[in-house]
Amino acid sequence: MHELSIAQAILETAEATLRQHPGARLAKVGLRLGELAGVDRESLAFCFEVLVRDSAHAGAQLQIDWQPLTHECLACHREFPVRDWDRRCPGCGAGETRFRSGRELEVAYLELEEP
Ligand SMILES: [Zn+2]
């Protein structure tokens, strides 16, 4: 299951940081997740919860910072979220736009509880 392996990778990232803070507990993981990352948010949140429930990280929370697909207009440089795959600029109507963001899948921050 795709989301389960991603949740495991997130925890491994957190554990690598925890090793540098002996005695600290993992309180929260902030994840930046792009619309195009191909990850189901609810499924990922569920997998994370299952993984931490009976672990040393029980109670740790996953905060998902959702990033919509965003394009930039080449004419007026406005950045806008793409809706319904319509990539035209909502500001000036130009059709020439380019991809800016929306593929993120990265741990943005960790909250630790120091002993
Ligand atoms: Zn424009």
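As a footprinting exposure proxy, order His71, His21 by other Cβ within 10 Å, with the fewest listed first.
Result, fewest neighbours first: His21, His71.
Hey, with R₀ at 30 Å, roughly what FRET efficiency would Trp85 and Thr17 work out to, going by the Cβ-Cβ distance, to 0.05?
The formula returns an efficiency of 0.20 here.
Once the piece of chain linking Glu104 and Lys28 is laid out straight, how much longer is it, given 0.36 nm per residue of separation minus the C-alpha distance between them?
The span from Glu104 to Lys28 would gain 25.5 nm if fully extended.
Report Rg(Cα)/(2.2 N^0.38 Å) for region 10-115, keeping two decimals.
1.40
Once fully extended, how much extra length lies between Ser43 and Glu114, figured as 0.36 nm per residue of separation less the alpha-carbon to alpha-carbon distance?
22.6 nm
Distance from the Cα centre of region 94-112 to that of region 74-89, in angstrom?
Comparing the Cα centres of region 94-112 and region 74-89, I get a distance of 15 Å.
Assuming 0.36 nm per residue, please report the length gained on full extension of the stretch Leu4 to Glu72 beyond their Cα-Cα distance.
21.2 nm is the gain from fully extending Leu4 to Glu72.
Positive end of the dipole of the chain, charges at C-beta (+1 Lys, Arg; -1 Asp, Glu), about the Cα centre: which of Ile10, Gln20, Gly38 has its Cα farthest in that direction?
Highest projection toward the positive end goes to Gly38.
Since every read-out is calculated from the coordinates, none of them should be taken as a lab result. None of the values given here were measured: they were computed from a predicted structure. Here Cβ is always computed from backbone atoms with ideal geometry, including for glycine, and neighbour counts include all displayed protein chains.
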